[in-house]
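Worksheet for the structure shown next.
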Amino acid sequence: MFSKKNRLISIIIIAMIIGIVVGYGINKSITNNAPKIEQSYIQKISKGNAEVEKQLIVACAKIDKTNLKQAKKKVASNFSILSDIFLRLIKMIIAPLVLAVLVMGVAKVGDFKSVGRIGGKTLLYFTFATLLSLSLGLVLVNLFEPGKVMHLDLPENTADAGIKANSQTASNFIAHIVPDSIIRVMAENEILPIVIFALFFGIAAASIGEQGKPMIKAMDSLSHVMFKVTNFVMNFAPIGVFGAITAVVIQQGLDVLSGYAYLIACFFGGLLFFVFGVLFTICTVLRIKFFSLLSHIKEPILLAFSTASSESAMPKTIEQLEKFGISNRIVSFVLPLGYSFNLDGSIMYMTFATVFIAQSYGIDMSMADQIQMMLILLITSKGVAGVPRASLVVIAGMLSMFNIPGEGLLLLLAVDQILDMGRSATNVVGNAVASAVVAKWEGEKFKHTERI
């Protein structure tokens, strides 16, 4: 029989399959039964004028397409409620969990010098991994040229992708990372400001000695309670996964996979190379058991993939990394920072997607432009954690900066959810490896212990 953990993974996979089948059935039903403007009606109002009839056919086709899209979106929203509930439950956990584990971890480290040492190693690795991700995205898109190979129909000049460009400045970056109210940032689940507050709070609690111990003990108790709450919430994961997958397939159908097969294959191939090539090599060099690490985090990976949300996997990832043997002080410090500074899959997508859109419009970006873009993204990609559809927001900014038509984002929207599934799963693996790397640099030896 399956263990309890493996049983949950099996149920999530079954929920994904059922979601695909149900979503595809509903998608086809809506498509086949959608009302269309009859040809006879068009001929009647055109009164035999061939040019008018041609224009009416084009206009009516657009109306039919819009109505069909709205009908699918309306039905899909009924299923996405299930995933919204699950993701809200996850978000309910994140702020108190991050605060508790980070305060406790920092208190165990004990002083600014030690925190600074671990923080320096963490940011060094994040910068290295980001450069690798950005570079790999550029190599892939230039090697396979999906924008040139696919010959997609370009959106109209007046089309609006509905994504506002991210104009990153020093002012709004500082405003994002330094909290003005811990209550507000916890309410809004802004991880990085919570990390900043927890660093100060944890060091202060450790520095006052005996008086701080009750607070540290309270945070330890809170972290255990939140891990238990995580286990309760995970029982709803299959329902959330079913709702998320069903809603995506209803809206997009499976036909979109064939239309964008080359793009999806190029990007997912790149993600697999990054995980099993780049990250595996890093782990091998540092003598970290890569496949053992993957085995521990397979549940968070599957959860992130099926919900297209890295955030949904965070509480379980913290728990599983501690079971892998990484100390609480490292996991509680590195992982929350990773969710703002080390989203490897999302970062790779930024260079890949920007050049893909340029290729689709026949715009040749010089190597100097691409290197400039990569260096800009090295900074700007750090300031959008918590922004909805963050990758697309940053890409919109890059399109504007390099005079690439902004409506080109519409080329990606049809499959962005599918690509986001791969990005999210890669983000989880990347941050797990980052935690293991920093732990290794700190001289830890991984002993596979159970957390709770």
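The values are calculated or read from the model by the stated rules, or taken from the named source; none is laboratory data. What you see is a predicted model, and the numbers here were worked out from it, not measured in a lab. All Cβ positions, glycine included, derive from the backbone under ideal geometry; neighbour counts span all protein chains shown.
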Q.
Would you confirm, using the coordinates I've provided, whether Ala50 is closer than 25 Å to Leu413 by Cβ and either at pLDDT below 90 or out of contact with any helix residue (DSSP H, G or I) (no Cβ under 8 Å at 6 or more places or on another chain) (or both)?
A. no
Q) With (1) over 20 Å from the mean Cα position of the chain (by Cα); (2) closer than 21 Å to Met16 by Cβ; (3) hydroxyl-bearing (Ser, Thr, Tyr) as the list, and Thr246 as the residue in question, which single condition is left unmet? A) (1)
Q.
Conditions first: (1) under 26 Å from the mean Cα position of the chain (by Cα); (2) modelled with pLDDT of 75 or more. Ala165 passes all but one, so which condition is the exception?
A. (2)
Q | Which listed residue is small (Gly, Ala, Ser), at pLDDT 90 or above and out of contact with any strand residue (DSSP E or B) (no Cβ under 6 Å at 6 or more places or on another chain), from Ala390, Ala425, Ala414, Ala396 | A | Ala425
Q: Could you please let me know if Phe232 is under 19 Å from Met314 (Cα atoms), out of contact with any Phe, Trp or Tyr (no Cβ under 7 Å at 6 or more places or on another chain) and either surrounded by fewer than 20 Cβ atoms within 10 Å (Cβ to Cβ) or without any contact (Cβ under 8 Å) to a residue 40 or more places away in the chain (or both)?
A: yes
Q: Name the single residue, out of those in region 169-199 being at pLDDT 80 or above, of a type outside the set (Val, Ile, Thr) and assigned to a helix (DSSP H, G or I), that is farthest from Val101 (Cα to Cα).
A: Arg184
Q) Which residues, counting only those in region 137-147, are touching a Phe, Trp or Tyr at 6+ places or on another chain (Cβ under 7 Å) and either of a type in the set (Lys, Arg) or more than 17 Å from Ile376 (Cβ to Cβ) (or both)? A) Leu140, Pro146, Gly147
Q: Mind telling me which of the residues Leu124, Leu143, Leu131 ends up being at pLDDT 90 or above, farther than 27 Å from Ala358 by Cβ and surrounded by fewer than 17 Cβ atoms within 10 Å (Cβ to Cβ)?
A: Leu124
**Q.** The lone exception for Ala308 - which of (1) crowded, with 23+ Cβ neighbours inside 10 Å; (2) in contact with a Ser or Thr (Cβ under 7 Å, 6 or more places away or on another chain) it fails
**A.** (1)
Q | Test result for Lys323, crowded, with 24+ Cβ neighbours inside 10 Å, part of a helix (DSSP H, G or I) and of a type outside the set (A, V, I, L, M, F, W, C) | A | no
Q: Mind listing whichever residues of region 200-214 are in a helix (DSSP H, G or I) and without any contact (Cβ under 8 Å) to a residue 24 or more places away in the chain?
A: Phe200, Ala204, Gly209, Glu210, Gln211, Lys213, Pro214
**Q.** Pairs where the first residue, in region 399-413, is in contact (Cβ under 8 Å) with a residue 60 or more places away in the chain and the second is aromatic (Phe, Trp, Tyr), C-beta under 8 Å, 6+ apart
**A.** Pro405/Tyr361; Gly408/Tyr361; Leu411/Phe356
Q) touching a helix residue (DSSP H, G or I) at 6+ places or on another chain (Cβ under 8 Å) and within 18 Å of Leu335 (Cβ to Cβ), is that true of Leu136? A) no
Q) Within the bounds of region 328-340, is there any residue that is farther than 17 Å from Lys440 by Cα, among the charged types (D, E, K, R), part of a helix (DSSP H, G or I) and touching a helix residue (DSSP H, G or I) at 6+ places or on another chain (Cβ under 7 Å)? A) no
Q: Considering only region 259-271, state which residues are within 16 Å of Leu143 (Cα to Cα) and free of Cβ contacts under 8 Å to residues at least 40 places away in the same chain.
A: Ala265
Q) Just checking, which of Val249, Val256 is among the aliphatic types (A, V, I, L, M), in contact (Cβ under 8 Å) with a residue 60 or more places away in the chain, in contact with a helix residue (DSSP H, G or I) (Cβ under 7 Å, 6 or more places away or on another chain) and crowded, with 16+ Cβ neighbours inside 10 Å? A) Val249
Q.
Please pick out the residue among Ile264, Ile282 that is crowded, with 16+ Cβ neighbours inside 10 Å and either among the small types (Gly, Ala, Ser) or at pLDDT below 95 (or both).
A. Ile264
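Is it the case that Thr281 is out of contact with any Pro (no Cβ under 9 Å at 6 or more places or on another chain), more than 30 Å from Lys72 (Cα to Cα), assigned to a helix (DSSP H, G or I) and polar (S, T, N, Q)?
Criteria met by Thr281.
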